[in-house]
Amino acid sequence: MGKMGNARRRIGAITIGQSPRVDVIPELQAVLGEGYEFIEGGALDGLTREQVAELAPKTGDYVLVTRMADGSSVQIAEHHILPRMQDQIDRVIAEGAEVVALLCTGEFPPFRCGRLLVKPQPVLYHFVAALAEGKRLGVVIPAPEQVEHAIVRWKPVAAEVRVEAGSPYAGISELERAVESLKRWEADMIVLDCMGFTTVMKARAAEIAGVPVILPRTVLARTLAELV
């Protein structure tokens with residue numbers, strides 16, 4: 001599906017938080033270049049802070065961390081938002097999206113989607129797996145509650161895996177602390193396992209660690225560039 005004439009190609013972008021994702025979309029557009037338009041939707045769109053609080057994870061829930069419209073972060077249980085994500089997928093397709101991207105590296109069950117649906121988690125996972133064999137892989141995730149699950153997720157792709165928590169929504173100091181720990185551990189490469197991490201954060205992590213740092217949002221953008 002190459003670009004035709006001057007028509008702008010429409011990409012659906014579904015966040016598990018609230019849209020618009022002013023922290024993500026401009027960086028995706030920077031990679032894609034001109035000629036693309038994002039139709040955004042958020043699973044928490046229209047909800048108050050009190051309503052979102054009712055979606056908080058309990059023991060045993062799959063924990064997701066995302067961004068609210070005011071820039072703050074929240075933790076939610078995945079099962080609460082799946083129907084709302086499906087509604088947003090349906091809406092952006094109805095509005096003309098040619099391909100739909102989830103703006104989260106979490107693991108999700110299948111969604112109904114009449115177009116190609118890009119899930120960053122398997123894209124990122126296989127990208128890293130192609131590079132990490134025999135390596136010491138460092139991983140940064142947003143919340144301590146996600147560490148155990150992240151170890152299980154990433155352990156099969158590398159010789160050794162270490163996971164550190166450092167939220168992208170709490171300033172850069174948490175990330176710096178996490179990456180410094182991974183440097184002391186002598187990681188061969190690092191993956192910032194959340195769509196909230198920015199290109200500035202990637203550059204800072206690479207500066208600290210002195211090893212390749214993989215950023216989900218730019219991996220996603222380059223995947224979308226291949227599809228539209």
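Remarks
- Selection within region 91-130 - among the charged types (D, E, K, R) and not in a helix (DSSP H, G or I): Glu95, Glu98, Glu107, Arg112, Arg115, Lys119
- Candidate set: region 105-126, residues that are in contact (Cβ under 8 Å) with a residue 40 or more places away in the chain and in contact with a Cys (Cβ under 8 Å, 6 or more places away or on another chain); chosen: the one farthest from Val163 (Cα to Cα): Pro120
- Among (1) outside any loop (DSSP other than H, G, I, E, B); (2) surrounded by fewer than 19 Cβ atoms within 10 Å (Cβ to Cβ); (3) of a type in the set (Asp, Glu), the one test that Glu164 misses: (2)
- Residues of region 127-169 that are out of contact with any helix residue (DSSP H, G or I) (no Cβ under 7 Å at 6 or more places or on another chain), in contact (Cβ under 8 Å) with a residue 12 or more places away in the chain and among the basic types (Lys, Arg): Lys135, Arg136, Arg153.
- Some residue of region 140-154 being at pLDDT 95 or above, charged (D, E, K, R) and within 16 Å of the chain's Cα centre (by Cα): yes
- Checking Ile81, Ile11, Ile93 one by one, the residue that is more than 25 Å from Pro168 (Cβ to Cβ) and of a type in the set (Val, Ile, Thr) is Ile93 and no other.
- Test for Glu27: is it touching a Lys or Arg at 6+ places or on another chain (Cβ under 6 Å), of a type in the set (Asp, Glu) and in contact (Cβ under 8 Å) with a residue 40 or more places away in the chain: yes
- Per the conditions (1) surrounded by 18 or more Cβ atoms within 10 Å (Cβ to Cβ); (2) under 21 Å from Gln121 (Cα atoms); (3) out of contact with any Phe, Trp or Tyr (no Cβ under 6 Å at 6 or more places or on another chain), the sole criterion not satisfied by Arg222 is (1).
- Among the conditions (1) surrounded by fewer than 20 Cβ atoms within 10 Å (Cβ to Cβ); (2) charged (D, E, K, R); (3) touching a Gly at 6+ places or on another chain (Cβ under 9 Å), Glu78 misses just one, which is (1).
- Subset tally (residues that are over 16 Å from Cys104 (Cβ atoms), aliphatic (A, V, I, L, M) and either buried (at least 22 other Cβ atoms within 10 Å of the Cβ) or touching a Leu at 6+ places or on another chain (Cβ under 8 Å) (or both)) for region 140-158: 2
- Enumeration of residues in region 117-160 that are of a type in the set (Asp, Glu) and touching a Lys or Arg at 6+ places or on another chain (Cβ under 9 Å): Glu160
- Residue within region 193-211 that is without any contact (Cβ under 8 Å) to a residue 24 or more places away in the chain and of a type in the set (A, V, I, L, M, F, W, C) present: yes
- Selection within region 46-74 - surrounded by 10 or more Cβ atoms within 10 Å (Cβ to Cβ), within 21 Å of the chain's Cα centre (by Cα) and of a type in the set (D, E, K, R): Asp61, Arg67
- Residue check for Glu186: among the acidic types (Asp, Glu) and under 30 Å from Gly12 (Cα atoms): no
- Each residue in region 174-218 was checked for being under 16 Å from the mean Cα position of the chain (by Cα), of a type outside the set (Ser, Thr, Tyr), crowded, with 18+ Cβ neighbours inside 10 Å and not in a strand (DSSP E or B), and 11 pass.
- Residues that are of a type in the set (Lys, Arg) and in a loop (DSSP other than H, G, I, E, B) were ranked within region 1-22; the one that is modelled with the lowest pLDDT is Lys3.
The values are calculated or read from the model by the stated rules, or taken from the named source; none is laboratory data. Quick caveat, the model's predicted, so the values are computed rather than measured. Neighbour counts run over all protein chains shown; Cβ positions are idealised from the backbone, glycine included.
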